[in-house]
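A.B. asks: Take this structure, written in structure tokens, and hold onto it; I'll ask about it next.
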Amino acid sequence: MKGTIISSIVAGLLIVGALYYSRANPPGVTDNANNVKIENGTQIVEIRAKGGYTPRKSVAKAGLPTIIRFETSGTFDCSAFVSIPSLNVSQALALSGNTDINAGTPAVGTLQGTCGMGMYPFEIDFEG
Amino acid sequence: MHCNACVTLTESELSEHPQVTSAKSNLGTRTVKICGDFGDKSFDEVAKELSGLLSQHTLSAESEKKAVNWSDFKIAVPIALGFIFVFVLLQKLGIVNLVSASKVTYGTAFVVGIIASLSTCMAVVGGLLLSMSATFVHGDPSTSLGASKFKPQILFHLGRIVAFFILGGVIGALGSAFALGSTGTFVLSLLVGLVMLVLGINLLDIFHFTKRLMPAMPKFISKRALSVSKMNHTRPTEPRQSFGRALTPALVGVATFFLPCGFTQSMQLYTLTTGSFWGGALTMLAFALGTLPVLAILSFSSFSVVGSPKAGVFFKTAGLIVILFALFNIINSLVVIGLIPPVFSF
């Protein structure tokens, strides 16, 4: 009896901990990786897709023609299928290589996307 | 009730009632199980009304009372939580990154299959399978004894493997995938989530009103969900019906080809590039065989508990896991079409 209560508490704590670390937007995780570059007036946001998206959060400039470039290398998991509801994008990436998705000329705001099943999110902050 | 004639008589007499969808008599326990939509009438009212139909028997609602074994939850809850924890941990440790090949051989496809069965795909295919197989056994333990008890499970796995082989070959030969669009995927995953939710709640065995709750949902979903529990009730006197029922698990197995699982879809896309029937068929076969060990453990675990005093704990654990997976799937399907912002992140 005592054992089951203790094990329930331990299991409960483990779950809360696991959920805490698997939240969509953990505080303080703003990868300021150099993944945004501008070539010939076009902004390119590079995101690696394998077992999730890295960086999970990118910061880019608003008001520039923008391409999101997904890099894959033997990606078989869900991240090979990108879904960006606000752009009406639902697309499969190449198994290995680069796949460009045109994001138009984004206004100030946050672009949210996930993988095809919804458990790997990513976002791009477009700042003015 | 005294004899088999009474069984047939009560069943046919009760079925005449317009609101009764099915009636099944049991001589051993002297009970009749009646399914139907009676609106908000109480059990006693229904029993009285239906008794009027019977020429030589009366009905009482008493046997409907069933004790809920709450103490099972003391063990079931920690086990279910532990299972989910291990599941989350596996994803956090980056199990999906174990595939590093850029060229796909049959061996790679097999390994991808093993990893897929341990990934979040388990929440979809594994959850569906667990809810189904536990429901078979739970629904009627008597039919789970004897040689034919593995039949629905074997049919499911057979249907799945054969479908992956044939459909993989077709994709390879045609060079075009029959992938569902984003709307199709959304409808399918929402449907699977709802069916799992209903089956999971039924497995918990605490809400006797679940069956009355069901008509509130689209009828075709609740009907599907309930018919799962009847899948292995084969009656030799009705060959056509029993054939149809035996076919259902196999068809669910076939349907898993289209369920939203990243790995399955990647393999299908790769299969496109093989350009031949045999290349595609063998790749998908290797993938399906890779997923088999974990799925087999999930589906056959239900049998190890039949008749044991721990059966109640097992069904409640399975019910909780299925409910959590169902919620996970429903939330994720809403995220993908952009109705709600991302909730989980693995």
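The values are calculated or read from the model by the stated rules, or taken from the named source; none is laboratory data. Quick caveat, the model's predicted, so the values are computed rather than measured. So basically every Cβ, Gly included, is an ideal-geometry build from the backbone, and we count neighbours across all protein chains shown. Ligands, DNA and RNA are excluded from the accessible area calculation, which covers all protein heavy atoms including side chains. Shrake-Rupley method; radii C 1.70, N 1.55, O 1.52, S 1.80 Å.
A.B. asks: R0 = 45 Å: FRET efficiency of residue B:247 with residue A:69, Cβ-based, nearest 0.05?
C.D. replies: For residue B:247 and residue A:69, the calculated efficiency is 0.45.
A.B. asks: Would you tell me the mean number of C-beta atoms belonging to other protein chains that fall within 10 Å of each C-beta in A:104-117, as a whole number?
C.D. replies: Mean shielding by partner chains, rounded to a whole number: 4.
A.B. asks: At a 10 angstrom cut-off on C-beta neighbours, averaged per residue, how do the peptides B:260-266, A:64-70, B:337-343 rank from highest to lowest?
C.D. replies: So the order, starting with the most tightly packed, is B:260-266, A:64-70, B:337-343.
A.B. asks: Compute the Cα gyration tensor for region B:248-346, then decide on rounded, prolate or oblate, letting a ≥ b ≥ c be the square roots of its eigenvalues: rounded whenever a/c is under 1.5, prolate when a/b is larger than b/c in the other cases, and oblate in all that remain.
C.D. replies: Oblate shape, in that a/c is at least 1.5 and b/c is the bigger or equal ratio.
A.B. asks: How crowded by other chains is A:77-86, given as the mean number of beta carbons from other chains within 10 Å of each beta carbon?
C.D. replies: Per-residue shielding by partner chains comes out at 6.
A.B. asks: Order the peptides B:181-189, A:71-79 from the highest to the lowest mean number of other Cβ atoms within 10 Å of their residues.
C.D. replies: The most tightly packed comes first, giving A:71-79, B:181-189.
A.B. asks: With every protein chain kept in the model, how would you rank A:53, B:270, B:106 by accessible area, 1.4 Å probe, largest at the top?
C.D. replies: B:106, B:270, A:53
A.B. asks: Is there a simple number for the mean count of other chain Cβ atoms within 10 Å of the Cβ of residues in B:88-97, and what is it?
C.D. replies: 4
A.B. asks: Round to the nearest 0.05 the FRET efficiency obtained for residue A:34 and residue B:98 when R0 = 22 Å and r is the Cβ-Cβ distance.
C.D. replies: My answer for the efficiency is 0.20.
A.B. asks: Given labels modelled 7 Å from the Cα in the Cβ direction, how far is it in nm from residue B:12 to residue B:83?
C.D. replies: Label-label distance for residue B:12 and residue B:83, simple model: 4.4 nm.
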